[in-house]
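Report on the structure given below.
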Amino acid sequence: MTLVKEAPARPAKKRSAAPAAGRRGRRRENIAGYLFMSPWIAGFLVLTAGPMIASLYYAFTRYNLFTPPEWVGLDNFTTMFQDPRWQKSVEVTLKYVVVATPLKLLLALGVALLLAQKRSGQGLYRAAFYMPSLIGASVSVGFVWRALFSDDAIVDRTQKVFGLDVGGWIGNPDYVLYALVALSIWQFGAPMVIFLAGLKQVPQELYEAAEMDGAGPLRRFWNITLPMISPVLFFNVLLESIHAFQVFGSAYVVSNTQCGPADATLVYTCYLYQKGFKEAQMGFASAMAWTLVVAVALVTAVLFWSQKKWVHYEEAAK
């Protein structure tokens, strides 16, 4: 008989402590990350999310800041749509957006094209052109702008030299909105910097090849520059359109807090401020605010839908 020896049992392998230690390390990192984020999270909940939810509720109530809110359903929205001054504010805001945004972007792109060329002192020029974007939203600049466009001020005197006797723009309902448009255009520095970054990414080989084929400057700009920077152009159009819908400070200060004359600078947010804080109709103002949110969201959706037809991404081309 042949005896079969049983193989000795292998000792059980000890589980490595590395995975457990890695999980504990990741958990500690996550906790540390949330702790560092907690001030922002608390600020977002208390100063942004909380007020937004409260204003959504107030939009369906009659609330004047001094008495408890009273539920009225859609009455605020019905009254708002029938309000002639609300309709005027929508008209003024749309006119401002349609005029100011394209002109601002055209100037920003033109200056960016000039600064994209190699020349001495580029850093100084960029800083000088960008500076108005930093100070343009300040109240002091609003007062300066009001003084520049008042009667017998520098703008009034300059236009008289060219035979234009229309007086100061601030007191003229036909021209005061264009003073706000000029202030917006003057702050072209931010989109200019973004355009400049996009222009730096355009391969020079494309321009050289097009020049060898006999393409002129305008053809190179239309067929090479614009398609290559179209994502940057889309970003600037989206951002500046949203900012234009939210204009308030310049209209409020330049018009001496009256949003006039004759409601000529009654932009949407200015009328919202009047209804909410001057007339204490916070429910009506909340309804206006959420209407603006929906309108801006629709404009954003339309822009994102339209980008498929004119924005060219490098990944899509591949």
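The values are calculated or read from the model by the stated rules, or taken from the named source; none is laboratory data. Given the structure is predicted, the values throughout are model-derived calculations rather than measurements. No Cβ is skipped: glycine too gets one built from the backbone with ideal geometry, and neighbour counts run over all protein chains shown. The area values use the complete protein model at the heavy-atom level, side chains included, leaving out ligands, DNA and RNA. Shrake-Rupley method; radii C 1.70, N 1.55, O 1.52, S 1.80 Å.
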**Prompt:** Only one of (1) open to solvent by 80 Å² or more (accessible area, probe 1.4 Å); (2) within 18 Å of GLU279 (Cα to Cα); (3) of a type in the set (A, V, I, L, M) fails for MET80. Which number is that?
**Reply:** (1)
**Request:** Return yes when ASN223 is in contact (Cβ under 8 Å) with a residue 40 or more places away in the chain, out of contact with any His (no Cβ under 8 Å at 6 or more places or on another chain), open to solvent by 50 Å² or more (accessible area, probe 1.4 Å) and more than 17 Å from ALA112 (Cβ to Cβ) and no when it is not.
**Result:** no
**Asked** In the range 215-255, what residues are among the small types (Gly, Ala, Ser) and more than 30 Å from VAL144 (Cα to Cα)?
**Response** ALA215, GLY216, SER230
**Message:** I'm trying to understand the selection: among the residues of the range 243-262, which are touching a Pro at 6+ places or on another chain (Cβ under 8 Å) and open to solvent by 40 Å² or more (accessible area, probe 1.4 Å)?
**Reply:** PRO261, ALA262
**Item:** Matching option when the condition is under 12 Å from ALA251 (Cα atoms) and touching a residue at least 40 places away in the same chain (Cβ under 8 Å), among LEU115, LEU183, LEU134
**Value:** LEU183
**Prompt:** Does the range 266-288 hold any residues that are closer than 22 Å to VAL299 by Cα and either open to solvent by less than 20 Å² (accessible area, probe 1.4 Å) or of a type in the set (Phe, Trp, Tyr) (or both), and which are they?
**Reply:** LEU266, VAL267, TYR268, CYS270, TYR271, ALA285, SER286, ALA287, MET288
**Filter result for THR291 (open to solvent by less than 20 Å² (accessible area, probe 1.4 Å) and either among the hydroxyl-bearing types (Ser, Thr, Tyr) or free of Cβ contacts under 8 Å to residues at least 60 places away in the same chain (or both))** = no
**Request:** Of the numbered conditions (1) in contact (Cβ under 8 Å) with a residue 12 or more places away in the chain; (2) farther than 29 Å from TYR130 by Cβ, LEU45 fails exactly one; give the number of that condition.
**Result:** (1)
**Complete:** Checked the range 186-220 for anything free of Cβ contacts under 8 Å to residues at least 60 places away in the same chain and not in a helix (DSSP H, G or I); matches are GLN201, VAL202, PRO203, ASP213, GLY214, ALA215, GLY216
**Asked** Going by the structure shown, is SER89 modelled with pLDDT of 90 or more and either open to solvent by 20 Å² or more (accessible area, probe 1.4 Å) or closer than 23 Å to VAL176 by Cβ (or both)?
**Response** yes
**Fill in**
VAL98 meets each of (1) in contact (Cβ under 8 Å) with a residue 12 or more places away in the chain; (2) open to solvent by 30 Å² or more (accessible area, probe 1.4 Å) with one exception, condition (1)
**Request:** Select from the range 174-210 the residues that are closer than 26 Å to MET228 by Cα and either touching a Cys at 6+ places or on another chain (Cβ under 7 Å) or of a type in the set (Gly, Ala, Ser) (or both) and list them in ascending order.
**Result:** GLY189, ALA190, ALA197, GLY198, ALA209, ALA210
**Matching entry among THR48, THR67, THR61 (being of a type in the set (Ser, Thr, Tyr), more than 18 Å from TYR268 (Cβ to Cβ) and touching a helix residue (DSSP H, G or I) at 6+ places or on another chain (Cβ under 7 Å))** = THR61
